[in-house]
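Novice: Attaching a single structure in structure tokens format; questions to follow.
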Amino acid sequence: MIKLNKKYLIVIIAMLFTSIGFAQEDDVIEEEIEIKETINSMFSSVIEMDIDKSIFPITQGNTHFSEDQKSGILAMLVPSSFENLEKDLENEQSKEGIKTLSKGALKTDGNRILFLKQSMDRDGQTYYMFIFAKEHAKDATIMVTAFYEAEKDEDYKKYAEKAAKSAKLVEKE
């Protein structure tokens, strides 16, 4: 089994939580239980994407990494309506350490896909992060997040968009 660098996995999870807001409960215990359940459901779904295995040869579940693990694409099913995520995206602003570069929508056959492109500095290097929200069901949205070194934007942006456009939930039998 391929062992992923824990540092990069922690960075991915931290980036996701800084980019997608969660409703807050008054009761801290209920909030912690809800977050654990949300995380479990987000990572237990199987999502297929068109991934270039020559660029992202390391695969673990719905996560695909480059050989040096500095770039990757992660997909998950988020238990939130597309409309709610659309509102969150509209209100998304730059934060300390994360600069919003662009946001908008991609056109694809019949499905709406929103995107948010951000930049951040990690270990003295600038990285771009693309977050895509793809309409799936009334109460669930497919999220695809891609991150990579800024100087690779011209090529890696294409891989990220291709993965987001092709992302689909594999129904469990």
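The values are calculated or read from the model by the stated rules, or taken from the named source; none is laboratory data. Note that the structure is predicted; figures quoted are calculated from it, not measured. Cβ atoms come from the backbone with ideal geometry, glycine included; neighbour counts cover every protein chain shown. Note: areas computed on protein heavy atoms with side chains; ligands, DNA, RNA excluded. Shrake-Rupley method; radii C 1.70, N 1.55, O 1.52, S 1.80 Å.
Novice: Quick check on my filter: what residues within region 129-157 are open to solvent by 40 Å² or more (accessible area, probe 1.4 Å) and farther than 17 Å from THR63 by Cα? Steps first, answer last, please.
Specialist: First, pick out the residues of region 129-157 that are open to solvent by 40 Å² or more (accessible area, probe 1.4 Å): 135-139, 151-152, 154-155, 157.
Scanning region 129-157 gives GLU135, HIS136, ALA137, LYS138, ASP139, GLU151, LYS152, GLU154, ASP155.
Novice: While we're on this one: Under 9 Å by Cβ, and 6 or more places apart or on different chains, what pairs join a residue from region 85-101 that is without any contact (Cβ under 8 Å) to a residue 24 or more places away in the chain with one that is of a type in the set (S, T, N, Q) and open to solvent by 50 Å² or more (accessible area, probe 1.4 Å)?
Specialist: THR100/GLN93; THR100/SER94
Novice: Can you pull out the residues in region 128-154 that are modelled with pLDDT under 90 and outside any strand (DSSP E or B)?
Specialist: Of everything in region 128-154, those that are modelled with pLDDT under 90 and outside any strand (DSSP E or B) turn out to be LYS138, ASP139.
Novice: Exactly one condition in (1) open to solvent by less than 10 Å² (accessible area, probe 1.4 Å); (2) among the polar types (S, T, N, Q); (3) farther than 26 Å from GLU171 by Cβ is not met by THR100; state its number.
Specialist: (1)
Novice: All but one of (1) within 17 Å of the chain's Cα centre (by Cα); (2) modelled with pLDDT of 85 or more; (3) assigned to a strand (DSSP E or B); (4) over 18 Å from VAL170 (Cβ atoms) hold for SER80, so report the exception by its number.
Specialist: Failed condition: (3).
Novice: Now a separate question. Scan region 61-76 and give yes if some residue there is open to solvent by 80 Å² or more (accessible area, probe 1.4 Å) and part of a strand (DSSP E or B), otherwise no.
Specialist: At the first step, the residues of region 61-76 found to be open to solvent by 80 Å² or more (accessible area, probe 1.4 Å) are 67.
Right, trim to part of a strand (DSSP E or B) and you get none.
No, because not a single residue in region 61-76 is open to solvent by 80 Å² or more (accessible area, probe 1.4 Å) and part of a strand (DSSP E or B).
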